[in-house]
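Novice: Attaching a single structure in structure tokens format; questions to follow.
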Amino acid sequence: MTTILGISCFYHDSAAALLKDGIVVAAAMEERFTRKKHDTSFPINAIKYCLESQNISINQIDHVGFYEKPFLKAERVMAQHVQMFPKSFKTFISSMPSWINEKLRVPRIIKKKLKCKKGIIFIEHHLAHAASSFYQSPFDKAAVLTVDGVGEWTTTAYGIGESNSLKLHKEIRFPHSLGLLYSTITAYLGFSVNNSEYKVMGLAPYGTMDREKNPHYKKLKQVIDIKDDGSYHMIMDYFAYHYKDRMPSKKLCALLDGPVRNPKHELTQRHRDIAAAVQLILEDVMTKMLNHIHKETKCDNIVIAGGCALNSVYNGKILSQTPFKEIWIQPDAGDAGTSIGVASYIYHSILGKKRTAHMSNAYLGPAYSSSEIKSFLDKNTIKYTQFKDDKEMIAHTAQLLNNNKVVGWFQERMEWGPRALGARSILANPCNPQAKELLNTKVKHREKFRPFAPVVCEDDALTYFDCDNPIPLPTDFMLMVYPIKKKWHAIIPSVTHVDGSGRLQTVRPEQNPRYYHVIKEFGKLSGVPILINTSFNIRGEPIVCSPFDAYKCMMGTEIDYLVMDTFLIKREDNQKDMWDSEKYATD
Amino acid sequence: MKQTKHIKDFQHGLKEFSTGISTLVNSILLSIVYIVGVGIASFANKRSKKQLLELKPKDTTYWSEFNPSHKHYRQF
């Protein structure tokens, strides 16, 4: 048996993953344990979890892999400072201590923290992205595209994977980056970079999505030179991210008719149009790139990875707008996912081992047994009832949801990736027109424009959504947005976005039987087998991990009930002023 | 009890003071490194007209060859 530990850290979203004979047996982000969103620190808790879940010690690990080549990245950072001297003085002073103390001492830190003497394997960041998607995909052969902010030098790359071989052929290098363009507009719109890009995606449909009518689309196209083969080049006068700690330059602000939005100020139609414009440009570039990649690779399957692969709005258009016939994206296509990528690359590409399985679900995090949950509840004198079996629990939960109650749903192993997929979710009735407002203001404490996602059983999806047929597998990970069929818009208003779309999650019974049957049971009561599924957290907090986190989140919000395993906890029965969650709700 | 609190406060203050001093020293040293090291490198670079970051647009394509390192135990 070959056991490999993959680690990603020191940039954003630290994570660890454990592979046994090429199969991911455990993976988690550090933030879930430290409760610090996007935690960048060494993922010691995630590693401990991975090892403990398999009852092994660090000495039983055959290989340890790191998700990038730190010296290559340092070379790029130094090149930025040299090229942009003396403008880069401030960022040099602020960034160098972390390079000296952490980023250039990765082997020493890993060996010291893990008390392990093994050599560490380093692979290029975009290879780790590519491997995270291709080697975990169901395809024997696929074209591979990686698009993110920046790795060492690479910002975009493509290649081909076949069996246990993966090669990236071409790249686009820093400072030209589609991910950084999106992040720059995110910053311009007053949202936090490396966190709130999905808010820009959610805001875009409120703007003008017509290329001819959007006043900012043509303006924004001036900042990027796009070739027919999808390669692109940023006009760097419009950006400051290569030498400053702010991303848009004064010239970009002038181009977009105003300064960077103050987050405290209201969003205007101009902001919505700018969000729409950047989304349209991302779609233009991605479509051209994918058409070119298809022509080059002559392969009908595509796997994508990198932060831009989390743009679920575009993902839903790939099969209809490009010649590709099948698509796969892993649940955490962002940087955390590279921990799986480096481990997979070591197993298949370096050790030359054959592929035996693909990632069929995202439940790779910690689980808590009934006795552990009961012990937690009893120890904290929390009032609860216990259902006699799953059937009773499912029927009762469906009834609560049909009565417009908001339910915290905590079951079995935690999800891998940024989306809650029915293990640490908040569930509600999508037919209730007030649900969106209630969840946004009283539970999640987040912006009113943000939509909620629908979850539907895979066998019902085509009834309600205009999805690709057959339904692509990434919908299981909430990575594709599709139009909701018009006749259902008024029936499920709380999950129908302003443009009539929904970021659906599909569930198959073998993936998560309890979740699947709750949705089905709710369908029997309401006539619509769809639920609102949103992550079990408040804005600015990581998704809950333990029973304590879940209980604390419920008590600080207006979640009515918490269903943990077969235990039911009613918030009203446990009135304790544990936590005022609203004051903690930040970006 | 009161004495322990004073000791803790003193330790806390000492820690903050040492953090402040180290930040100040680091900033001074890094400023020297930046002005001397990065400055000279930048000057030499400008003299030789070498572009470390590709900033000029091209006519054809921006795709370039991806050349990964095959020395996996190296950080570069």
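Novice: Return the residues of the range A:515-527 that are touching a residue at least 12 places away in the same chain (Cβ under 8 Å) and surrounded by fewer than 20 Cβ atoms within 10 Å (Cβ to Cβ); say none if nothing qualifies. Full working, then the answer.
Specialist: Pass one, the range A:515-527, residues touching a residue at least 12 places away in the same chain (Cβ under 8 Å): A:515-526.
Selection gives A:K520, A:G523, A:K524, A:L525, A:S526.
Novice: Here's another thing I want to ask about it. Select from the range A:69-96 the residues that are among the aliphatic types (A, V, I, L, M), more than 7 Å from every other protein chain (Cβ to nearest Cβ) and assigned to a helix (DSSP H, G or I) and list them in ascending order. Give the derivation first.
Specialist: We begin by selecting, within the range A:69-96, every residue among the aliphatic types (A, V, I, L, M); these are A:72, A:74, A:77-79, A:82, A:84, A:93, A:96.
With more than 7 Å from every other protein chain (Cβ to nearest Cβ) added as a condition, the list becomes A:74, A:77-78, A:84.
Answer for the range A:69-96, where residues must be among the aliphatic types (A, V, I, L, M), more than 7 Å from every other protein chain (Cβ to nearest Cβ) and assigned to a helix (DSSP H, G or I): A:A74, A:V77, A:M78.
Novice: OK, next. Taking only the range A:136-150 into account, find how many residues are in a loop (DSSP other than H, G, I, E, B) and away from chain B (no Cβ under 14 Å).
Specialist: The first filter runs over the range A:136-150 and keeps only residues in a loop (DSSP other than H, G, I, E, B), leaving A:136-140, A:148-150.
Among the residues that remain, those that are also away from chain B (no Cβ under 14 Å) are: A:136-140, A:148-149.
The number of residues fulfilling the criteria is 7.
For every residue, the table says whether it meets (1) basic (K, R); (2) buried (at least 19 other Cβ atoms within 10 Å of the Cβ); (3) under 21 Å from A:L203 (Cβ atoms).
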{"residue": "A:E296", "(1), (2), (3)": "no, no, no"}
{"residue": "A:N311", "(1), (2), (3)": "no, yes, yes"}
{"residue": "A:I318", "(1), (2), (3)": "no, yes, no"}
{"residue": "A:Q330", "(1), (2), (3)": "no, yes, no"}
{"residue": "A:I346", "(1), (2), (3)": "no, yes, no"}
{"residue": "A:H358", "(1), (2), (3)": "no, no, no"}
{"residue": "A:L364", "(1), (2), (3)": "no, yes, no"}
{"residue": "A:S369", "(1), (2), (3)": "no, no, no"}
{"residue": "A:E372", "(1), (2), (3)": "no, no, no"}
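Novice: Got a sec? Which of A:D21, A:D62, A:D13 is in contact with a strand residue (DSSP E or B) (Cβ under 7 Å, 6 or more places away or on another chain), of a type in the set (D, E), open to solvent by 10 Å² or more (accessible area, probe 1.4 Å) and closer than 24 Å to A:K354 by Cβ? I'd like the intermediate steps shown before the answer.
Specialist: Values: A:D21 fails: in contact with a strand residue (DSSP E or B) (Cβ under 7 Å, 6 or more places away or on another chain); A:D13 fails: closer than 24 Å to A:K354 by Cβ.
That would be A:D62, the only listed residue that is in contact with a strand residue (DSSP E or B) (Cβ under 7 Å, 6 or more places away or on another chain), of a type in the set (D, E), open to solvent by 10 Å² or more (accessible area, probe 1.4 Å) and closer than 24 Å to A:K354 by Cβ.
Novice: Please indicate, with yes or no, whether at least one residue in the range A:255-264 is out of contact with any Pro (no Cβ under 9 Å at 6 or more places or on another chain), away from chain B (no Cβ under 14 Å), over 30 Å from A:E212 (Cα atoms) and open to solvent by 10 Å² or more (accessible area, probe 1.4 Å).
Specialist: Within the range A:255-264 (the criterion being out of contact with any Pro (no Cβ under 9 Å at 6 or more places or on another chain), away from chain B (no Cβ under 14 Å), over 30 Å from A:E212 (Cα atoms) and open to solvent by 10 Å² or more (accessible area, probe 1.4 Å)), the answer is yes, since at least one residue qualifies.
Novice: Determine whether B:L55 is within 17 Å of A:A74 (Cβ to Cβ) and within 7 Å of chain A (Cβ to nearest Cβ).
Specialist: Taking the combined requirement at face value, the residue does not satisfy it.
Novice: Restricting to the range A:454-471, give me the number of residues that are open to solvent by 10 Å² or more (accessible area, probe 1.4 Å), under 30 Å from A:F567 (Cβ atoms) and either touching a residue at least 60 places away in the same chain (Cβ under 8 Å) or aromatic (F, W, Y) (or both).
Specialist: So the answer is 1.
Novice: Tell me, which strands (runs of 3 or more DSSP E) lie completely within the range A:156-240 with 3 or more residues that are open to solvent by less than 30 Å² (accessible area, probe 1.4 Å)?
Specialist: Numbers: elements: A:165-173, A:224-226, A:232-234.
In the range A:156-240, the matching strands (runs of 3 or more DSSP E) lie at A:165-173, A:232-234.
Novice: Restricting to the range B:37-51, and then to whatever is assigned to a helix (DSSP H, G or I) and not aliphatic (A, V, I, L, M), can you tell me which residue is most open to solvent (accessible area, probe 1.4 Å)? Give the derivation first.
Specialist: The initial filter retains those residues of the range B:37-51 that are assigned to a helix (DSSP H, G or I), namely B:37-47.
Checking the rest, the ones that are also not aliphatic (A, V, I, L, M) come to B:37, B:39, B:42-43, B:45-47.
Working: B:G37: 41, B:G39: 11, B:S42: 3, B:F43: 133, B:N45: 20, B:K46: 120, B:R47: 182 Å².
Applying the filter and picking the extreme gives B:R47.
Novice: Any chance the range B:12-23 includes a residue that's surrounded by 10 or more Cβ atoms within 10 Å (Cβ to Cβ), part of a helix (DSSP H, G or I) and facing chain A (nearest Cβ under 9 Å)? Write out each step before concluding.
Specialist: Start the filter on the range B:12-23 by keeping residues that are surrounded by 10 or more Cβ atoms within 10 Å (Cβ to Cβ), which leaves B:12-23.
Then drop every residue that is not part of a helix (DSSP H, G or I), which leaves B:12-23.
Narrowing further to those that are facing chain A (nearest Cβ under 9 Å): B:23.
Within the range B:12-23, one or more residues are surrounded by 10 or more Cβ atoms within 10 Å (Cβ to Cβ), part of a helix (DSSP H, G or I) and facing chain A (nearest Cβ under 9 Å).
Novice: Check the range A:53-68 and report whether any residue there is in a helix (DSSP H, G or I) and closer than 18 Å to A:H12 by Cβ. Full working, then the answer.
Specialist: Step one: list which residues in the range A:53-68 are in a helix (DSSP H, G or I), which gives A:53, A:58-60.
In the following step, the residues that additionally are closer than 18 Å to A:H12 by Cβ were identified as none.
So far as the range A:53-68 goes, no, none of its residues is in a helix (DSSP H, G or I) and closer than 18 Å to A:H12 by Cβ.
Novice: Residue pairs, Cβ under 7 Å, 6 or more apart or interchain, first in the range A:376-388 and at negative phi, second assigned to a strand (DSSP E or B). List them.
Specialist: So the pair list comes out as A:L377/A:F567; A:I382/A:I569; A:Y384/A:F567; A:Y384/A:L568; A:Y384/A:I569; A:T385/A:L568; A:Q386/A:F567; A:F387/A:L568.
Novice: Can you find a residue in the range A:532-539 that is part of a loop (DSSP other than H, G, I, E, B), modelled with pLDDT under 95 and open to solvent by less than 10 Å² (accessible area, probe 1.4 Å)? Steps first, please.
Specialist: Here is the first cut: in the range A:532-539, the ones part of a loop (DSSP other than H, G, I, E, B) are A:536-539.
Subset that is modelled with pLDDT under 95: A:537-539.
Next, from what is left, pick out any that are open to solvent by less than 10 Å² (accessible area, probe 1.4 Å): A:538.
Yes, the conditions are met somewhere in the range A:532-539.
Novice: Being free of Cβ contacts under 8 Å to residues at least 40 places away in the same chain, buried (at least 19 other Cβ atoms within 10 Å of the Cβ) and farther than 21 Å from A:M359 by Cα, is that true of even one residue in the range A:475-488? Give the derivation first.
Specialist: Going through the range A:475-488, the residues free of Cβ contacts under 8 Å to residues at least 40 places away in the same chain turn out to be A:475, A:483-487.
Now narrow it down to the ones that are buried (at least 19 other Cβ atoms within 10 Å of the Cβ): A:475, A:484.
Checking the rest, the ones that are also farther than 21 Å from A:M359 by Cα come to A:484.
Yes, some residue in the range A:475-488 is free of Cβ contacts under 8 Å to residues at least 40 places away in the same chain, buried (at least 19 other Cβ atoms within 10 Å of the Cβ) and farther than 21 Å from A:M359 by Cα.
Novice: Out of all the residues in the range B:63-73, is one or more open to solvent by 50 Å² or more (accessible area, probe 1.4 Å), among the aromatic types (F, W, Y) and on the phi < 0 side of the Ramachandran plot?
Specialist: Start the filter on the range B:63-73 by keeping residues that are open to solvent by 50 Å² or more (accessible area, probe 1.4 Å), which leaves B:65, B:67, B:70-71, B:73.
From what's left, among the aromatic types (F, W, Y): B:73.
Then drop every residue that is not on the phi < 0 side of the Ramachandran plot, which leaves B:73.
Yes, the conditions are met somewhere in the range B:63-73.
Novice: Find all pairs meeting these conditions: Cβ atoms under 6 angstrom apart; at least six residues apart or on different chains; first residue within the range A:224-239 and within 8 Å of chain B (Cβ to nearest Cβ); second residue in a helix (DSSP H, G or I) and open to solvent by less than 20 Å² (accessible area, probe 1.4 Å).
Specialist: A:Y232/A:V285
Novice: Also, I was wondering about something else. One residue is enough: does the range A:45-65 have a residue meeting the conditions closer than 18 Å to A:S98 by Cβ and modelled with pLDDT of 95 or more?
Specialist: Applying the first criterion (closer than 18 Å to A:S98 by Cβ) to the range A:45-65 yields none.
So far as the range A:45-65 goes, no, none of its residues is closer than 18 Å to A:S98 by Cβ and modelled with pLDDT of 95 or more.
Novice: Can I ask one more? In this structure, does A:A336 turn out to be in contact with a strand residue (DSSP E or B) (Cβ under 7 Å, 6 or more places away or on another chain), buried (at least 24 other Cβ atoms within 10 Å of the Cβ) and within 30 Å of A:D229 (Cα to Cα)? Give the derivation first.
Specialist: Numbers: in contact with a strand residue (DSSP E or B) (Cβ under 7 Å, 6 or more places away or on another chain): yes; buried (at least 24 other Cβ atoms within 10 Å of the Cβ): yes; within 30 Å of A:D229 (Cα to Cα): yes.
Yes; evaluated as a whole, the condition is true for this residue.
Novice: Next question. So, in the range A:382-412, exactly how many residues are outside any strand (DSSP E or B) and open to solvent by 70 Å² or more (accessible area, probe 1.4 Å)? Write out each step before concluding.
Specialist: We begin by selecting, within the range A:382-412, every residue outside any strand (DSSP E or B); these are A:382-384, A:387-406, A:411-412.
Checking which are open to solvent by 70 Å² or more (accessible area, probe 1.4 Å) leaves us with A:383, A:388, A:391-392, A:396, A:399, A:403-405, A:412.
Residues meeting the conditions: 10.
Novice: Okay, next question. Give the residues of the range A:110-135 that are surrounded by fewer than 18 Cβ atoms within 10 Å (Cβ to Cβ) and either touching a residue at least 60 places away in the same chain (Cβ under 8 Å) or more than 8 Å from every other protein chain (Cβ to nearest Cβ) (or both), sorted by residue number.
Specialist: A:K111, A:K112, A:K113, A:K115, A:C116, A:K117, A:K118, listed by residue number.
Novice: A:I4 passes all but one of (1) open to solvent by 10 Å² or more (accessible area, probe 1.4 Å); (2) more than 21 Å from the chain's Cα centre (by Cα); (3) touching a residue at least 12 places away in the same chain (Cβ under 8 Å); which number fails?
Specialist: (1)
Novice: Now a separate question. Return the pair list, or none, for Cβ contacts closer than 7 Å from residues in the range A:402-415 that are more than 12 Å from A:P547 (Cβ to Cβ) to residues that are crowded, with 23+ Cβ neighbours inside 10 Å and of a type in the set (S, T, N, Q), at least 6 apart or on different chains.
Specialist: Matching pairs, first to second residue: A:N402/A:N429; A:N404/A:N429; A:V407/A:T397; A:W409/A:S425.
Novice: Going by the conditions given, is A:D499 open to solvent by less than 30 Å² (accessible area, probe 1.4 Å), within 18 Å of A:G316 (Cα to Cα) and acidic (D, E)? Walk me through how you get there before you give the answer.
Specialist: On the way: open to solvent by less than 30 Å² (accessible area, probe 1.4 Å): no; within 18 Å of A:G316 (Cα to Cα): yes; acidic (D, E): yes.
Here the answer is no, as A:D499 does not meet what is asked.
The values are calculated or read from the model by the stated rules, or taken from the named source; none is laboratory data. Just so you know, these numbers come straight off a predicted model, no measurement behind them. Cβ atoms come from the backbone with ideal geometry, glycine included; neighbour counts cover every protein chain shown. Accessible surface areas use protein heavy atoms only, side chains included; no ligands, DNA or RNA. Shrake-Rupley method; radii C 1.70, N 1.55, O 1.52, S 1.80 Å.
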